[in-house]
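Here the structure comes first, spelled out in structure tokens, and everything after it is commentary.
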Amino acid sequence: MDEHPGEGSTAPRTETAPRTDRESRAETAPAAQTEPPLDRRAELSEFLRTRRARIKPEDVGLPEFGRYRRVPGLRREELAQLAGVSVAYYTRLEQGRGQGVSTEVLDSIAHALRLTAAEHAHLTHLAQPKRHRKKSAAPTQQVRTSLRQLLDTLTGVPAYVVGRRSDILAWNGMATALFGDWGALPPQERNWARLVFLRPDYRDLFVEWDTKAADIVSHLRMDAGCHVDDPQLAALVGELSMKSDAFRRLWAAHDVKDKGYGVKRIRHPVVGQLTLSYETLTLPHDAYQSLVAYHAEPGSPSEEALRLIGSWGAVGLRTGEG
């Protein structure tokens with residue numbers, strides 16, 4: 001896998017004493033709010049433009065006039081025709097000026113663009129934003145005590161709770177053994193996007209790093225659609241865009257998806273490669289928090305490898321103190 005010079009450096013590695021589960025599960029502190037919020041109109045405009053660009057006229061039964069087209073994919077007038085709206089109306093919407101757009105029109109545009117359910121929801125959040133009271137600061141994300149206790153009981157399963165902006169909020173000892181000692185990191189660094197895009201050791205950890213990176217950006221995009229006025233999210237996007245070419249490229253693609261389960265191959269520094277399935281369960285009390293748990297196929301070498309690292313305790317990847 002190609003490395004990207006300049007995407008961050010690893011702090012000096014310091015061996016830390018094993019931490020108890022209770023010591024590890026600290027909440028994530030809010031990041032400094034120095035960045036202006038994202039521009040909702042620009043987000044809506046770019047999302048529609050990139051979705052339109054990926055569809056060829058022949059894909060939707062339209063004739064392709066001439067070999068050379070000024071724009072990739074569908075023209076605005078072609079998309080408007082498919083959606084059953086006027087060209088002027090669609091143009092205003094794509095320019096971020098579609099005030100009071102109806103759900104029916106959005107449904108028609110989503111159908112014409114062949115959006116997935118996640119993309120359709122993202123479009124709706126951008127075009128019909130919910131009005132929130134302005135707050136001086138975003139509240140700290142809290143994890144319920146009973147949920148922490150549940151993590152304690154999952155002794156053979158790496159599990160953690162992830163919240164807004166891909167923040168890692170709580171985890172158990174098996175997650176430490178598999179992914180590294182997040183408790184040794186400053187609270188603001190306990191974030192999947194920062195770990196994956198700025199730390200070379202996490203680039204080595206995931207065999208299909210490109211897929212993991214794309215998944216994270218897709219979830220951040222969905223978060224941005226729901227909370228476009230979040231300065232903490234804008235600060236995170238700004239930091240990653242400056243430090244990582246890979247993040248900047250993926251962010252510009254405007255891809256969104258909601259992948260709640262799947263398989264990941266982990267390259268553990270001690271036991272070697274593991275193939276693990278994961279399930280993501282959205283928590284009923286907070287739609288922006290999810291419990292993620294990994295497990296191996298019964299009787300597989302990966303199950304034995306998980307058992308080994310679990311018996312050793314929290315001795316997986318050791319993270320830097322900086």
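The values are calculated or read from the model by the stated rules, or taken from the named source; none is laboratory data. Keep in mind it's a predicted model, so treat the numbers as computed, not measured. Backbone-built Cβ (ideal geometry, glycine too); neighbour counts: all protein chains shown. Calculation scope for accessible area: heavy atoms of the full protein, side chains included, ligands and nucleic acids excluded. Shrake-Rupley method; radii C 1.70, N 1.55, O 1.52, S 1.80 Å.
Quick grid of which residues meet (1) under 23 Å from the mean Cα position of the chain (by Cα); (2) open to solvent by less than 20 Å² (accessible area, probe 1.4 Å):
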{"site": "Gln99", "(1), (2)": "no, no"}
{"site": "His122", "(1), (2)": "yes, yes"}
{"site": "Leu147", "(1), (2)": "yes, yes"}
{"site": "Leu154", "(1), (2)": "no, no"}
{"site": "Asn172", "(1), (2)": "yes, yes"}
{"site": "Thr176", "(1), (2)": "yes, yes"}
{"site": "Gly180", "(1), (2)": "yes, yes"}
{"site": "Pro186", "(1), (2)": "yes, no"}
{"site": "Val196", "(1), (2)": "yes, yes"}
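Would a scan of the stretch 271-278 turn up a residue that is open to solvent by less than 10 Å² (accessible area, probe 1.4 Å) and touching a helix residue (DSSP H, G or I) at 6+ places or on another chain (Cβ under 9 Å)? I'd like the intermediate steps shown before the answer.
Filtering the stretch 271-278 down to residues open to solvent by less than 10 Å² (accessible area, probe 1.4 Å) leaves 274, 276.
With touching a helix residue (DSSP H, G or I) at 6+ places or on another chain (Cβ under 9 Å) added as a condition, the list becomes 274, 276.
Yes, the stretch 271-278 contains at least one residue that is open to solvent by less than 10 Å² (accessible area, probe 1.4 Å) and touching a helix residue (DSSP H, G or I) at 6+ places or on another chain (Cβ under 9 Å).
If Ala112 passes every condition in (1) touching a strand residue (DSSP E or B) at 6+ places or on another chain (Cβ under 8 Å); (2) open to solvent by less than 50 Å² (accessible area, probe 1.4 Å); (3) at pLDDT 90 or above but one, which one does it miss?
Result: Ala112 passes all but (1).
Name the residue that is least open to solvent (accessible area, probe 1.4 Å), counting only residues in the stretch 124-145 that are modelled with pLDDT of 85 or more and either farther than 28 Å from Phe47 by Cβ or touching a Phe, Trp or Tyr at 6+ places or on another chain (Cβ under 6 Å) (or both).
Only one residue tops the list, namely Val143.
Find the residue count for the stretch 62-100, including only residues that are at pLDDT 90 or above and either touching a His at 6+ places or on another chain (Cβ under 6 Å) or of a type in the set (Phe, Trp, Tyr) (or both).
2
Given the criteria out of contact with any Asp or Glu (no Cβ under 8 Å at 6 or more places or on another chain) and either at pLDDT below 95 or under 20 Å from Arg267 (Cα atoms) (or both), does Arg148 qualify?
Details: out of contact with any Asp or Glu (no Cβ under 8 Å at 6 or more places or on another chain): yes; either at pLDDT below 95 or under 20 Å from Arg267 (Cα atoms) (or both): yes.
Answer is yes for this residue.
For the structure I just gave you, tell me whether Thr10 is at pLDDT below 65, within 29 Å of the chain's Cα centre (by Cα) and either crowded, with 17+ Cβ neighbours inside 10 Å or more than 30 Å from Pro231 (Cα to Cα) (or both).
Details: at pLDDT below 65: yes; within 29 Å of the chain's Cα centre (by Cα): yes; either crowded, with 17+ Cβ neighbours inside 10 Å or more than 30 Å from Pro231 (Cα to Cα) (or both): no.
Considered against the rule, which asks whether it is at pLDDT below 65, within 29 Å of the chain's Cα centre (by Cα) and either crowded, with 17+ Cβ neighbours inside 10 Å or more than 30 Å from Pro231 (Cα to Cα) (or both), Thr10 comes out as no.
Got a sec? Which helices (runs of 4 or more DSSP H) wholly within the stretch 76-136 have at least 1 residues that are on the phi > 0 side of the Ramachandran plot?
Answer list for the stretch 76-136: none.
State yes or no: is Asp167 of a type in the set (Asp, Glu), within 21 Å of Cys226 (Cβ to Cβ) and in contact (Cβ under 8 Å) with a residue 40 or more places away in the chain?
Yes: the conditions hold for Asp167.
Give me a count of the residues in the stretch 152-164 that are in a helix (DSSP H, G or I) and modelled with pLDDT of 95 or more.
We begin by selecting, within the stretch 152-164, every residue in a helix (DSSP H, G or I); these are 152-153, 164.
Now narrow it down to the ones that are modelled with pLDDT of 95 or more: none.
Going through the stretch 152-164 one residue at a time, the tally reaches 0.
Quick one: in the stretch 172-204, which of the residues that are out of contact with any Gly (no Cβ under 7 Å at 6 or more places or on another chain) and in a loop (DSSP other than H, G, I, E, B) is nearest to His219 (Cα to Cα)?
Among those that are out of contact with any Gly (no Cβ under 7 Å at 6 or more places or on another chain) and in a loop (DSSP other than H, G, I, E, B), it is Arg190.
Pull out all pairs, ordered by first then second residue, where Cβ-Cβ is under 8 Å, the residues are six or more apart or on different chains, the first lies in the stretch 272-285 and is within 14 Å of Ile309 (Cβ to Cβ), and the second is surrounded by 12 or more Cβ atoms within 10 Å (Cβ to Cβ) and of a type in the set (Lys, Arg).
Final answer for the pair search is Gln273/Arg265; Gln273/Arg267; Leu274/Arg265; Leu276/Lys264; Leu276/Arg265.
If you go through the stretch 28-43 one residue at a time, do you hit one that is of a type in the set (S, T, N, Q), surrounded by 14 or more Cβ atoms within 10 Å (Cβ to Cβ), in contact with a Pro (Cβ under 6 Å, 6 or more places away or on another chain) and at pLDDT below 75?
Looking through the stretch 28-43, at least one residue is of a type in the set (S, T, N, Q), surrounded by 14 or more Cβ atoms within 10 Å (Cβ to Cβ), in contact with a Pro (Cβ under 6 Å, 6 or more places away or on another chain) and at pLDDT below 75.
(1) modelled with pLDDT of 75 or more; (2) in a loop (DSSP other than H, G, I, E, B); (3) surrounded by fewer than 18 Cβ atoms within 10 Å (Cβ to Cβ); (4) of a type outside the set (Phe, Trp, Tyr): which one isn't true of Ile55, the others all being true?
Looking at each condition in turn, Ile55 falls short on (3).
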